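Please treat every number below as a calculation from the coordinates, not as lab data. Source: prediction; values computed, not measured. Positions of Cβ are backbone-derived with ideal geometry, glycine not excepted, and every protein chain shown enters the neighbour counts.
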Amino acid sequence: MNRLCRELGIEYPIFAFSHCRDVVAAVSRAGGMGVLGILAMSPDEIDIELSWLEKNSGGRPYGVDVAIPGRTVDRESGLTDAGQMQSRLQEMIPQKHRDYAEELMRRYDVPSLPAKNGQEHGWATEGFTAAGGEEQLEVVLGREHGFLVSALGPPPAWVIERAHERGTKVGALVGKPHQAVRNVELGVDVIICQSYEAAAHTGEIGGMVLIPDVVDAVGDVPVLAAGGIGGGRQMAAAMGLGAQGVWTGSIWLTCRETGTDPEMVERLLKLNSTDTVRSTSQTGKPNRQVRTGWTEAWDDPAGPGSLPMPLQYMLYAEYTERARRAGVHDLVGGPVGQVVGRMTKVRPAGEIVLSMVEEYVATVQRMSAQLDALVES
Ligand SMILES: Cc1cc2nc3c(=O)[nH]c(=O)nc-3n(C[C@H](O)[C@H](O)[C@H](O)COP(=O)(O)O)c2cc1C
């Protein structure tokens, strides 16, 4: 058990990001820390999910992940009225982009289906905005939990302050060493360095280079390595580079407790690392996901290009949900990292945690024996 584990009250420095409360609870019960991603949840849903976690995590700590992007269309155009947000943002989507999406639907024979009132992917559009994000944060900050993590940008000072008042540690995802330094200056307690291999929003630097650079940049502040970690050998490599723990996401998409659509689980189990692409086509910011007809079309230089956040997400949500309901899987993907190639069978989350720990221990022992052999020869 290292210092970070002691401070957070966990047994193993394995962190599991998931949108699914069952995964979060299972990982925490197994001795790691499950972290619930609440981006697509309304404030009421967050309240329900956190109440459930309080009762079902076996008294073990869990965390909450919020997305606080620095730059979005609503922030830049001063939109603050949450009630009008969806309709005002819808008006900002250029007709050229709608026509392009419609043409794509025609190409793949996706019929027109009744709209679901802008709620195709839950509350995620609101979650990306400043007004919606604050409503989510109010609920999150009103609850006891062990770890509050901010994706996409440094958490505002008032968020860090209120979390610290409750004794909650604050973490932030970064893709570059200077972002890590900035977060530490603002009072963030744990840096999560997200490398190129990772699912979802990610920078351009691979883990082998990013992890030691971030560790060296932040001194004593604990660093978690994120991106491409699916087993104990990868965990040992990350710890060898100076990380205090690992932050994982993709591997939980195919665990037994996952909330992922069963058809998508079957597809993920067959994908290779090269079946993912870092593309702006889902949210407007570079985001690693399954390569699909949707990503190809929006990454095509002949197309109109992706819109800024959250407008691109609104198009994505509406049209890919239409494709999903019509059973046109070639257009339906979602975030997953390059580690997908190692996700080949469904296993219980607790078993994944324990096998990662076992493989980590065996790897460190093997490396120690390698060192002995080197010294002897
Ligand atoms: C389906 C999915 C959705 C994600 N959404 C978020 C998110 O909302 N907030 C966040 O901080 N990270 C999100 N991530 C990224 C994870 O937190 C984590 O950093 C990443 O998955 C680590 O890389 P790996 O996938 O190689 O394990 C998501 C990952 C996946 C697989």
Cα-projected label distance for residue 376 with residue 102, points at 7 Å along beta-carbon direction, nm: 7.4
Nearest-0.05 FRET efficiency for residue 266 and residue 109, computed from C-beta distance (R0 25 Å): 0.65
Ratio of Rg to Rh over region 107-245 (Cα coordinates, Kirkwood Rh, two decimals): 1.07
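Using DSSP to call loops (not H, G, I, E or B), can you name the trypsin sites (Lys or Arg not before Pro) in region 311-374 whose Cβ has at most 12 other Cβ atoms within 10 angstrom? Display every interim value, and only then the final one.
Working: sites: 322, 324, 325, 342, 345, 366; in loops: 345.
Hits after loop and neighbour filter: 345.
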Candidate lysines - alpha carbon under 20 Å from residue 270, same-chain residues fewer than 8 apart omitted: 345
Rh (Kirkwood; distinct C-alpha pairs) - the chain, Å: 21.2
Where trypsin sites (Lys or Arg not before Pro) fall in DSSP loop in region 5-107, at most 16 other Cβ within 10 Å: 71
Inter-label distance for residue 346 and residue 87, nm, one decimal - labels placed 7 Å from Cα along Cα-to-Cβ: 4.3
For residue 34, residues with placed amide H under 5 Å, excluding near neighbours: 16, 28, 63
Nitroxide proxy distance, nm - points 7 Å out along Cα→Cβ at residue 185 and residue 274: 4.3
Rounded to whole Hz, the Karplus (6.51, -1.76, 1.60) HN-Hα couplings of region 337-347, x for glycine and proline: x, 5, 5, 3, x, 9, 8, 10, 8, 7, 9
Gyration tensor (alpha-carbon) shape descriptor, region 1-152, a/c threshold 1.5: prolate
Dipole magnitude of the chain about its Cα centre (Cβ charges: Lys, Arg +1; Asp, Glu -1), debye to nearest 20: 540
FRET efficiency for residue 47 and residue 1, using Cβ-Cβ distance with R0 set to 30 Å, rounded to 0.05: 0.40
Local electrostatic count, residue 88, Cβ distance below 9 Å [Lys/Arg +1, Asp/Glu -1]: -3
Cβ-based charge dipole, region 1-73, positive-most Cα from 67, 32, 18: 32
For region 59-95 and region 22-48, distance of Cα centres in Å: 21
